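**Student:** Below is the structure I would like to discuss, written out as structure tokens.
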Amino acid sequence: MNTIKYYSEESLEALKKELYELETIERPKISAAIAEARDKGDLSENAEYDAAKEAQGLLELKIAKLQNLIANARLLDESKLDISKVLIYSFVKLKNNANNAVMSYQIVPESEADLKSGKISVSSPIGKTLLGNQAGDVVTVEAPAGKIQFEILEVSR
């Protein structure tokens, strides 16, 4: 099943660049390694050849996955999004009602999630709960540690 995923222009370009490098740099390197190993004699006992063939298989799998991702990718036009509600690529400032801690996150696709840089996945418990809400709303997140209430202080792009 092919799943359509939405990407920012930068993220989609990064995927295309990675695919280009795999196809134009890594693929020829592995082909050369296979040819070199083949030249060393009997293939039935050639561990170098087996390793190069396995690396080729893994590379081709990675290339196929990237090609599929790119084929099913959709570019998100951020200029057409409603900025009053929490949507993908929104910046959200939250207050934890239990301890009054204030935190800021950007809601991003799973492939771009990085908690250390404040980017949480749209499919995470917090991300899912925030979607469609707006500043002033109080939401309850079903987290692994239990229910947590957050007040949405601000939504921006």
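**Student:** Using label points projected 7 Å from each Cα along Cα→Cβ, tell me how many nm separate LYS147 and GLU9, to one decimal.
**Tutor:** 4.4 nm
**Student:** If the cut-off is 14 Å between C-alpha atoms, which aspartates and glutamates fall inside it for LYS40, apart from same-chain ones fewer than 8 positions away?
**Tutor:** Hits, sequence-local ones excluded: GLU48, ASP50.
**Student:** Sticking with this one: Any idea what angle helix 27-38 forms with the longest principal axis of the chain, computed on alpha-carbon atoms, 0 to 90 degrees, nearest 10?
**Tutor:** Long axis of 27-38 versus the principal axis of the chain: about 30 degrees.
**Student:** For the range 1-60, build the convex hull from the C-alpha positions and give me its volume per residue in Å³.
**Tutor:** Per residue, the Cα convex hull of the range 1-60 comes to 83 Å³.
**Student:** Still on this structure: Hey, got the Cα dimensions of the range 84-157 along the principal axes, in Å, largest first?
**Tutor:** Between the extreme Cα coordinates on each principal axis of the range 84-157 lie 30, 28, 19 Å.
**Student:** To one decimal place, what Kirkwood hydrodynamic radius in Å is obtained for the range 7-157 from all pairs of distinct Cα atoms?
**Tutor:** 18.6 Å
**Student:** Between TYR105, TYR49, TYR89, find the one with the highest GNM mean-square fluctuation for the chain; connect C-alpha pairs within less than 10 Å.
**Tutor:** Fluctuation is largest for TYR49.
**Student:** Just the number, please: carbon plus sulfur as a percent of the accessible area of the range 1-133, 1.4 Å probe, no ligands or DNA/RNA counted.
**Tutor:** Looking at the range 1-133 in its full context, I get 53 percent from C and S.
**Student:** When DSSP assigns beta bridges and you keep just the ones with both residues in the range 60-146, what percent turn out antiparallel, to the nearest 5?
**Tutor:** Within the range 60-146, antiparallel bridges account for around 75 percent of the total.
**Student:** Same structure, new question: Which far-off residues, 5 or more places away or on another chain, put their amide H under 5 Å from the one on LYS119, with H placed in the peptide plane?
**Tutor:** For LYS119, whose amide H was placed from the backbone, the distant partners under 5 Å are GLN106, ASP114.
**Student:** Quick one: if you stick a label point 7 Å off each Cα along the C-beta vector at TYR20 and ASN46, how many nm between them?
**Tutor:** Simple spin-label model gives 3.4 nm for this pair.
**Student:** If you don't mind, another one. Just from its helices, what would the mean residue ellipticity at 222 nm be for the chain, if runs of 4 or more DSSP H residues each count -39500 (n - 2.57) and the sum is divided by every residue, rounded to the nearest 500 deg cm²/dmol?
**Tutor:** -11500 deg cm²/dmol
**Student:** In nanometres, what is the gap between the two model label sites at LEU58 and SER104, each 7 Å from Cα along Cα-to-Cβ?
**Tutor:** Between LEU58 and SER104, the simple spin-label model gives 4.0 nm.
**Student:** Among the lysines, which fall within straight-line cross-link reach of LYS17, defined as a Cα-Cα distance under 18 Å, with same-chain neighbours fewer than 8 residues apart omitted?
**Tutor:** Counting by Cα, and skipping residues close in sequence, LYS17 has these lysines nearby: LYS5, LYS29, LYS62, LYS65.
**Student:** Of the candidates ASN133, ASN100, ASN72, which one comes out as most mobile in a Gaussian network treatment of the chain with C-alpha springs shorter than 10 Å?
**Tutor:** Of the options given, ASN100 has the highest mean-square fluctuation.
**Student:** Please state the charge dipole magnitude for the chain, taken about the Cα centre, from unit charges on C-beta atoms (+1 on K and R, -1 on D and E), reported in debye and rounded to the nearest 20.
**Tutor:** 680 debye
**Student:** So what is the relative contact order of the chain, in percent, for Cα pairs below 8 Å that sit 6 or more residues apart?
**Tutor:** Normalised by residue count, the contact order of the chain is 22 percent.
**Student:** Enter the accessible area per residue of the chain (Å², integer; probe 1.4 Å; all protein chains in place).
**Tutor:** Accessible area per residue, the chain: 63 Å².
**Student:** Something else about it: Quick one: of the DSSP bridges fully inside the chain, what percent are antiparallel, nearest 5?
**Tutor:** 75 percent
**Student:** Further, regarding this structure: Tell me, what is the 1.4 Å probe accessible area of ARG27, in Å² to the nearest 10?
**Tutor:** The accessible area comes out at roughly 80 Å².
The values are calculated or read from the model by the stated rules, or taken from the named source; none is laboratory data. Bear in mind that the values here come from a model prediction, so they are computed numbers and not experimental data. Backbone-built Cβ (ideal geometry, glycine too); neighbour counts: all protein chains shown. Only protein heavy atoms, including side chains, enter the accessible area calculation; ligands, DNA and RNA are left aside. Shrake-Rupley method; radii C 1.70, N 1.55, O 1.52, S 1.80 Å.
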